[in-house]
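This report concerns only the one structure given below.
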């Protein structure tokens, strides 16, 4: 097959670069007031189910309830109008979500915990001041602001005697928590045998701060990571052993971390702010490659569609794509294959581009990496090939293509990448 070598002929403005990497899911396409999610501080009102990649958001606006986008892109709104078990209006929204292999769990501060089996919702814990839920091998740990934390499985429920264990994580029976609903407080290691063991940054060098904005275990190890206003503290087997800060990593965009997530290789995506007391003022979302201790893919309002004047919260799907909720819309940064309902299931290209975009007659192709191209085709959102393109020309006649949104698919070096474009 004849190879085509394009010459770089055009520099893109930042807004066009966004479209090559990010896709926006507009809240107004799903709900009348455009607000898919809810406002949040330390509770996680946006989560992705790792078992099926369904998306779950708690709404803090009327009609209160839970938004779901399933793995096929089908939207559902669960609220008091269609789920009689749900709290009535005025009883608050849902603080947190978690997932077992068979259930979706949702926390309501005033009423307790609800479980969804794919067909119906059921209230499975009746309690007040319920704040947070975490999962350890299908056992749910439910934290309460003023009461002992609860453990729940589908067959049993019990309470443990740590009062005010407001946020909790557990892995292989090692339970960590904090006695604060928001930020400042002790980190507490709890065991059924020895009870709570309080850890203070005043006496433990690798525990960086009293503020604990987020904490969770790595996916592939038993190490606990705690984010704070000074970076990450890392504990293993109950002992704090290491840190991640601007002093021991490269290009870290700040030290104050609101929340973070691990990808499948235990690299880190983190949300940065200037101060934990100003959680609505997000400055950056960035990626840490832990093999090189280097921060890259550093995004802010100048090079992404993420709004930095509201609380952004992040999730990773089971393909390691980054999702961001700003309470109204969703944004996804495609890093690997993403759900087919979002469009063509190949990598959104940063190596190829087109202009003008939108266009009514011709597209000019730009090969920014100077690659030898094996094939080019126009495909629609379902992945159907509309037209194969000759690789011998850098200009495509699209006058006969119907108006709409399409992708150009580039095949090179055994891979495929796509560029979104619009026919006017």
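The values are calculated or read from the model by the stated rules, or taken from the named source; none is laboratory data. Every value quoted in this text rests on a predicted model; they were computed, and no experiment measured them. Neighbour counts are summed over all protein chains in view; Cβ atoms, including those assigned to glycine, are modelled from backbone coordinates with ideal geometry.
Residue selection: residue 143 fails the criterion of being assigned to a strand (DSSP E or B), closer than 25 Å to residue 222 by Cβ and either without any contact (Cβ under 8 Å) to a residue 24 or more places away in the chain or assigned by TED's automatic domain parsing to the domain that holds residue 230 (or both).
Number of residues in the stretch 155-171 that are over 24 Å from the mean Cα position of the chain (by Cα), in contact (Cβ under 8 Å) with a residue 24 or more places away in the chain and farther than 19 Å from residue 95 by Cα: the value is 4.
Among the conditions (1) over 27 Å from the mean Cα position of the chain (by Cα); (2) modelled with pLDDT under 90; (3) surrounded by fewer than 19 Cβ atoms within 10 Å (Cβ to Cβ), the only one that residue 190 does not satisfy is (3). Listed residues 198, 260; which is part of a strand (DSSP E or B) and free of Cβ contacts under 8 Å to residues at least 24 places away in the same chain? Being part of a strand (DSSP E or B) and free of Cβ contacts under 8 Å to residues at least 24 places away in the same chain holds for just one of 198, 260, which is 198. Looking across the stretch 218-232, the residues that are in a strand (DSSP E or B) and closer than 21 Å to residue 265 by Cβ come down to 223, 224, 225, 226, 227, 231, 232. For the structure I just gave you, tell me whether residue 304 is in contact with a strand residue (DSSP E or B) (Cβ under 7 Å, 6 or more places away or on another chain) and in a loop (DSSP other than H, G, I, E, B). Here the answer is yes, as residue 304 does meet what is asked. Within the stretch 330-354, the set of residues being touching a helix residue (DSSP H, G or I) at 6+ places or on another chain (Cβ under 8 Å) and at pLDDT 90 or above comprises 330, 332, 333. Counting only residues that are in a loop (DSSP other than H, G, I, E, B) and at negative phi, the stretch 93-140 holds 13 of them.
Given the criteria surrounded by 17 or more Cβ atoms within 10 Å (Cβ to Cβ) and over 19 Å from residue 140 (Cα atoms), does residue 211 qualify? Yes.
Considered as a group, the residues in the stretch 1-28 that are surrounded by fewer than 13 Cβ atoms within 10 Å (Cβ to Cβ) and modelled with pLDDT of 80 or more include one that is nearest to residue 79 (Cα to Cα), and that residue is 28. Scanning the stretch 361-385 for residues that are at pLDDT 85 or above and either buried (at least 17 other Cβ atoms within 10 Å of the Cβ) or under 18 Å from residue 412 (Cβ atoms) (or both) yields a total of 14. Per the conditions (1) within 15 Å of the chain's Cα centre (by Cα); (2) buried (at least 19 other Cβ atoms within 10 Å of the Cβ); (3) within 22 Å of residue 244 (Cα to Cα), the sole criterion not satisfied by residue 295 is (1). Summed over the stretch 238-257, the residues that are assigned to a loop (DSSP other than H, G, I, E, B) and either in contact with a strand residue (DSSP E or B) (Cβ under 8 Å, 6 or more places away or on another chain) or under 12 Å from residue 187 (Cβ atoms) (or both) give a count of 10.
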